[in-house]
Amino acid sequence: MAAVNQKRWTFLLPILIVALLVGVFAKRLIDVKGGQDPSLVPTVLLDTPVPALDLPPLPSRGEGLRTADLKKDVSLVNIWGSWCVACLAEHPLLMNVAAENAVPLHGIAWRDDPSASLRWLARNGDPYDLIGQDPVSEAAIAFGVTGAPETFLVDGDGVIRYKHTGPISREAWDKTIAPLIEQLRQ
Amino acid sequence: MTPEFGHFALALALPVALVQSCIPLIGAQRRDAALMAVAGPAAMAQMLLIGLAFATLTQAFITSDFSVVNVFQNSHTAKPLLYKISGVWGNHEGSLLLWVFILAVFGATVAAFGNNLPDRLKARALSVQGMIGVGFLAFILFTSNPFLRLDPVPVQGEGLNPLLQDPGLAFHPPMLYLGYVGFSMAFSFAVAALLEGRVDAAWARWVRPWTLAAWSFLTVGIGLGSWWAYYELGWGGWWFWDPVENASFIPWLTGTALLHSAIVVEKREALKSWTILLAIITFSLSLLGTFLVRSGILTSVHAFASDPTRGVFILALLAITVGGSLTLYAIRAPKLEQGGLFAPISREGGLLINNLFLATAAATVLLGTLYPLIAEAFELGKLSVGAPYFNTVFIPLMVPLAILMGIGPMLTWKRGDLRGILSRVKAALAAVALVFGVALLLSGFSVTDVAGAAGMGLAAWLAVATLTEWSGRVRLFKAPIDESWRRATSLRRASYGMTMAHIGMAVLIAGVSGSSAWKQENILTMVPGDSVTVAGFDITLNGADVIRGANYESLQGNFTATRGGNAVTLTPERRVYDQPVQQTTEAAIHTTFWADLYVVLGDGPDESGRYVVRAYFEPFVPFLWYGILMMGFGGLISLSDRKHRVGAPRTSDTVAAAAGA
């Protein structure tokens, strides 16, 4: 069974797979680079109204999250989960945003056990105004979420104006998101 | 030493690396000994220059020279010395410098100690090593210069991310890099062999020690990362299938496969082109790990250092390195002569199946990690892949591999005797039945209990079968005890290394199974004086005090845990660091030999003085660390075997080359 008579093309297979992967990475890099400029955000949902939402609240934590809640003021919608390591890295910044009362911040607890979400918030602090549960990715799919955390900036009319993929860095907040909020408020 | 001195040394290292990558290669092609001899001194010079640059940057961190942007952004005068030093590689620029420094050290080691290598192979391998150096030096100098200055000079630095100010994480990157970069040696040898058009047993013997060293470091490096996640993130978990964790795990899987397939090349001259491919792929995956962490194309906790512009550079580097080597592979590998025939049931066959399982496991983890990207690129929809996928596909691959690991070492080369082996594994089968039964009786009969007990049984199988193999070698109880003793002392260290690493794997399996199945979690609110019982421990909250650390303020809880009359004090903390302001939790962990009691202080006190407390009972988690240490240590024992140092016998080529020189 050894000394298998390998076909010549099989030796080309690795390089073909690599070429394919490099193509995928390059496309993604271009997208990510584009993401630094809000006008180039590669989401089909940019400048469209938020999808229809009616998410139940976490047990014993007030109201859930509905579309109407996003049409009152400029607001942020943050997709997170207690299972998401990157969300923990982002968390101090969100706590800061909440402490400064800069903008209403809503959360969508994505694919999470409600009690795990509550424990996570009890442990790390709760920066959110409203939280809706999204156990089966209903809202996440409607928003076109690629991974957690992801944050959408919604204007007072409930139109998505910006999307940030991954943890929000201090720099992204100061240079992009905070100025955008200012701009949308005027 | 001013930072410019380091910058200058680094800039000088680039042309030296260029010389190292071109001249010896031409020399090897023309069989010109003088040109080939350039490789050694060039490799040494490269190590010295990059070493100088690294020392300069380290000095800037130790003396808190905030005129250097990198130091300003990542250090602070109040930081303890250990974290000032680890701050050197706690950021993108510095960690790349460490990467390329380790690369140069490996290259210089080959130059200094590779006297028994054939001249042309050595010249070519060092030249390939030089090319990798050129790529990374250019990357540092043109996109990630750690020596940039700042004017005016700030009085104070911005500090290091507190999550990184931790002993486990201080040593995690160097270990990981020793692993990643160690695989560059296997890669360079593979490319050199393809250029040469020849792979033989001697080649495998030269590659194995490098692979072994890289593998041992990577094992310990991944272990340190997992240990850090366990005690620092405060969730009692130790593996999250995070993309960056996976990025280090995938090369580990292919590196493990390489380690084993190189044995087949060495002993039987079979699986040659596959082994070459594995060597290329393993280092390529190490580069991919570097790319994923730094380009920000995947979302991860480690993504804070990401920058897409750098991503483009690394992607180009990746495409050239991997594309070039695999093109060479596609041209040259079909011409490699095939080695000896063997029966399906034989040591070769066993190692081949081992390779199939490991390669498949690596491919599934890679697919799961990259699938969100691939799906998006082909507009198959947006999705994310989580732990359930990995557990579902990974465990079914690992179980048969572990079963096979028990009998593989008992198989003989060429043609194994399966019936003979079945008679030798009676003790192991008895151990499985015993451990499985006892575990069920002690735990219960729910689905998780059965799964946990089965995992324990698997661990017992592997451990006892491995010991059976060893006792067969020394003819324990079959021969007089003094003969067994003589055999035991004359057994190769490589053989003891294997035994140690395989038993380490068994211990690791016990840790994974036990901690997944029987973890207990208790979350409650407590006021001082309250008690709770977790897994037989009575835990009392005595109170909490604010204490002041070097660069943080901490709320330190004081708990007493009592079991069977023994009392221990547990002091979990919630720290708020001064710069940058960030909260971290420090879990308090009380370790018995086989389990951890893990207490975290959550929010509080509220108006009525209540604290949120999370208490975990983590059975078998210490086994994870024992297992990983045994595996890493096993690798090092094997590495200390004489044959890896001087034993590589000279082939006719070497002798001829030596005579010519």
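What follows is calculated from the coordinates using simple rules that are stated; it is not laboratory data. Just so you know, these numbers come straight off a predicted model, no measurement behind them. When we count neighbours, we look across all protein chains shown, and the Cβ atoms used for this are built from the backbone with ideal geometry, even at glycine.
Evaluate the charge dipole of chain A about its Cα centre and quote only its size in Debye, nearest 20, assuming +1 on the Cβ of each Lys and Arg and -1 on the Cβ of each Asp and Glu.
Values: 17 positive and 21 negative charges, 183 e Å.
That gives a dipole near 880 debye.
Among all stretches of chain A without exposed trypsin sites (Lys or Arg not before Pro) (DSSP loop, at most 15 other Cβ atoms within 10 Å), which one is longest? Don't skip to the answer; put the middle values down first.
Numbers: sites that count: A:Lys7, A:Lys72.
Answer from the scan: A:73-186.
Compute the label zone of B:Ala535 within segment B:602-632: residues whose backbone N is under 20 Å from the point 7 Å along Cα-to-Cβ.
B:602, B:613-629
Can you list the residues, at least 5 places off or on another chain, whose amide H is less than 5 Å from the amide H of A:Val74, using H built in the peptide plane?
A:Gly156
Post the alpha-carbon centroid distance, segment A:65-80 to segment B:502-567, in whole angstrom.
Result: 39 Å between the Cα centres.
Which FRET efficiency value, to the nearest 0.05, do you get for B:Ile547 and B:Asn522 by plugging their Cβ-Cβ distance into 1/(1 + (r/R0)^6) with R0 = 22 Å? Don't jump to the answer; show the numbers that get you there.
Values: r = 26 Å, r/R0 = 1.16.
After rounding to 0.05, the efficiency reads 0.30.
So if I take the centroid of the Cα atoms in segment B:31-99 and the same for segment A:136-171, what is the distance between those two points in Å?
Between the Cα centres of segment B:31-99 and segment A:136-171 lies a distance of 39 Å.
Using helices alone, what [θ] at 222 nm do you get for chain B, with -39,500 (n - 2.57) per DSSP H run of 4 or more residues, divided over all residues and rounded to the nearest 500?
Details: 21 runs with 420 residues, N = 661.
Result for chain B: -22000 deg cm²/dmol, rounded to the nearest 500.
Let me know the mean shielding of A:8-17 by other chains, meaning the per-residue number of their Cβ atoms within 10 Å of its Cβ. Can you show the working numbers first?
Working: counts 3, 2, 4, 10, 6, 3, 11, 9, 2, 2.
Average per residue, whole number: 5.
Residues with amide H under 5 Å of B:Ser346's amide H, sequence separation 5 or more or different chain, H placed in the peptide plane at 1.01 Å from N; which?
Sorted by chain and number, the residues that satisfy this are B:Gly416.
Roughly what angle does helix A:85-100 make with the longest principal axis of chain A, taking Cα atoms, 0 to 90 degrees, to the nearest 10?
20
Considering only lysines 8 or more places apart in sequence, or on different chains, count the pairs in chain A whose C-alpha atoms sit under 18 Å apart.
Taking the Cα cut-off of 18 Å, the pair count is 4.
Looking at the calculated P(r) for the protein assembly as shown, what percent of the C-alpha pair distances fall above 40 Å? Walk me through the intermediate numbers first.
On the way: 150658 of 358281 pairs.
When every Cα pair of the protein assembly as shown is considered, 42 percent fall beyond 40 Å.
For a quick check: with amide H placed at 1.01 Å from N, whose amide H comes under 5 Å from B:Asp603's, ignoring anything fewer than 5 positions away on the same chain?
Amide H to amide H, under 5 Å and 5 or more residues apart or across chains, B:Asp603 pairs with B:Val612.
How would you rank B:414-424, B:575-585, highest first, on the average number of other Cβ atoms within 10 Å across their residues? Don't jump to the answer; show the numbers that get you there.
Values: B:414-424: 13.7, B:575-585: 17.3.
Per-residue Cβ counts within 10 Å, averaged per peptide and sorted highest first, yield B:575-585, B:414-424.
Using only Cα atoms, locate the centre of segment B:456-471 and the centre of segment B:404-448, then give the distance between them in Å, rounded to an integer.
Centre-to-centre (Cα) distance: 7 Å.
Rounded, prolate or oblate: which fits segment A:43-185, taking a ≥ b ≥ c as square roots of the Cα gyration tensor eigenvalues, rounded meaning a/c under 1.5, else prolate when a/b beats b/c? Walk me through the intermediate numbers first.
Working: a/c = 1.45, a/b = 1.17, b/c = 1.23.
Rounded.
Run the numbers on segment B:1-165 and let me know its relative contact order in percent, using alpha-carbon pairs under 8 Å that are six or more apart. Please list the in-between numbers first.
Working: 259 pairs, mean separation 59.4, N = 165.
In percent, rounded to a whole number, it is 36.
Return the average number of partner chain Cβ atoms within 10 angstrom of each residue Cβ along peptide A:89-96. Please list the in-between numbers first.
On the way: counts 8, 3, 2, 8, 1, 0, 3, 1.
Going residue by residue through A:89-96 and averaging, the value is 3.
Rounded if a/c is under 1.5, else prolate if a/b beats b/c, else oblate: with a ≥ b ≥ c from the C-alpha gyration tensor eigenvalues square-rooted, which is segment B:120-263? Can you show the working numbers first?
Numbers: a/c = 3.34, a/b = 1.40, b/c = 2.39.
Taking the square roots of the gyration eigenvalues as a ≥ b ≥ c, segment B:120-263 is oblate.
For chain A, what does the helix formula give at 222 nm: sum of -39500 (n - 2.57) over DSSP H segments with n ≥ 4, over the residue count, nearest 500 deg cm²/dmol? Intermediate results must be reported in sequence, preceding the final value.
Numbers: 5 runs with 63 residues, N = 186.
Estimated from H runs of four or more residues: -10500 deg cm²/dmol.
Just need the relative contact order of segment A:64-185 here, percent rounded to a whole number, with Cα pairs under 8 Å and 6+ apart. Working shown, then result.
Details: 199 pairs, mean separation 43.2, N = 122.
With pairs under 8 Å counted, the relative contact order is 35 percent.
With θ set to phi - 60°, apply the Karplus curve 6.51 cos²θ - 1.76 cosθ + 1.60 along segment B:536-543 and write out the HN-Hα couplings as whole Hz, x wherever there is a Gly or Pro.
x, 8, 8, 10, 10, 8, 8, x
Calculate the FRET efficiency for A:Ala142 and A:Ile30 from the Cβ-Cβ distance with a Förster distance of 30 Å, rounded to the nearest 0.05.
Working: r = 26 Å, r/R0 = 0.85.
E between A:Ala142 and A:Ile30, to the nearest 0.05, is 0.70.
May I ask which of B:Lys272/B:Lys414; B:Lys272/B:Lys335; B:Lys414/B:Lys478; B:Lys426/B:Lys519; B:Lys122/B:Lys414 have a Cα-Cα span longer than 22 Å here? Please list the in-between numbers first.
On the way: B:Lys272/B:Lys414 16 Å; B:Lys272/B:Lys335 11 Å; B:Lys414/B:Lys478 26 Å; B:Lys426/B:Lys519 32 Å; B:Lys122/B:Lys414 32 Å.
Violating the 22 Å Cα-Cα cut-off are B:Lys414/B:Lys478; B:Lys426/B:Lys519; B:Lys122/B:Lys414.
Check the protein assembly as shown for me: any Cys whose beta-carbon has no other cysteine beta-carbon within less than 4.7 Å?
So, B:Cys22.
Quantify how much of the Cα-Cα distance distribution of chain B extends past 38 Å, in percent. Let's see the in-between values first.
Working: 89226 of 218130 pairs.
I get 41 percent for the Cα pairs in chain B exceeding 38 Å.
Once you order the gyration tensor axes a ≥ b ≥ c over the Cα atoms, which shape class does segment B:1-165 get: rounded for a/c under 1.5, otherwise prolate or oblate by comparing a/b with b/c? Spell out each step's value before the answer.
On the way: a/c = 3.22, a/b = 2.52, b/c = 1.28.
The shape class here is prolate.
So what are the ³J(HN,Hα) numbers for segment A:69-78, from phi and the Karplus equation (6.51, -1.76, 1.60; θ = phi - 60°), rounded to whole Hz, Gly and Pro as x?
Running phi through 6.51 cos²θ - 1.76 cosθ + 1.60 with θ = phi - 60° gives 5, 9, 10, 8, 7, 4, 8, 10, 10, 10 Hz.
Between B:Ile395 and B:Glu158, with labels modelled 7 Å along Cα→Cβ, what's the label distance in nm to one decimal, could you check?
Placing both labels 7 Å along Cα→Cβ, they lie 4.3 nm apart.
Between B:Val568 and B:Arg475, what is 0.36 nm times their sequence separation minus the Cα-Cα distance? Round to one decimal in nm. Mind showing how you got there, number by number?
Values: separation 93, 0.36 × 93 = 33.48 nm, distance 4.61 nm.
The B:Val568-B:Arg475 span can extend by a further 28.9 nm.
Which Cα, out of B:Ala9, B:Leu57, B:Pro480, lies furthest along the positive dipole direction of the protein assembly as shown (beta carbon charges, K/R +1, D/E -1)?
Farthest towards the positive end: B:Pro480.
Describe numerically, in nm with one decimal, the distance between label points set 7 Å from Cα along Cα→Cβ at B:Glu483 and at B:Phe5.
Each label point is offset 7 Å from its Cα along the Cβ direction, giving 6.7 nm.
Pairs of alpha-carbon atoms within less than 8 angstrom and 6+ residues apart define the contacts here; what relative contact order does chain B have, in percent? It would help to have the intermediate numbers written out before the result.
On the way: 1184 pairs, mean separation 80.7, N = 661.
It comes to 12 percent, rounded to a whole number.
Could you calculate the FRET efficiency of A:Arg66 with B:Thr109 from 1/(1 + (r/R0)^6), where r is the beta carbon distance between them and R0 is 41 Å, rounded to 0.05? Numbers along the way, then the final one.
On the way: r = 64 Å, r/R0 = 1.57.
For R0 = 41 Å, the calculated efficiency reads 0.05.
Please report, in debye to the nearest 20, how large the charge dipole of chain B is about its Cα centre when each Lys and Arg carries +1 at its beta carbon and each Asp and Glu carries -1 there.
Details: 43 positive and 40 negative charges, 649 e Å.
Approximately 3120 debye in magnitude.
Which whole number gives the average, over all residues in A:163-171, of C-beta atoms from other chains lying within 10 Å of the residue C-beta? Don't skip to the end; give the middle numbers.
Working: counts 0, 0, 4, 8, 6, 0, 3, 3, 0.
Mean partner shielding for this stretch: 3.
Which of the GluC sites (Glu not before Pro) across segment B:560-642 are loop residues per DSSP, with 12 or fewer other Cβ within 10 Å?
Hits after loop and neighbour filter: B:Glu607.
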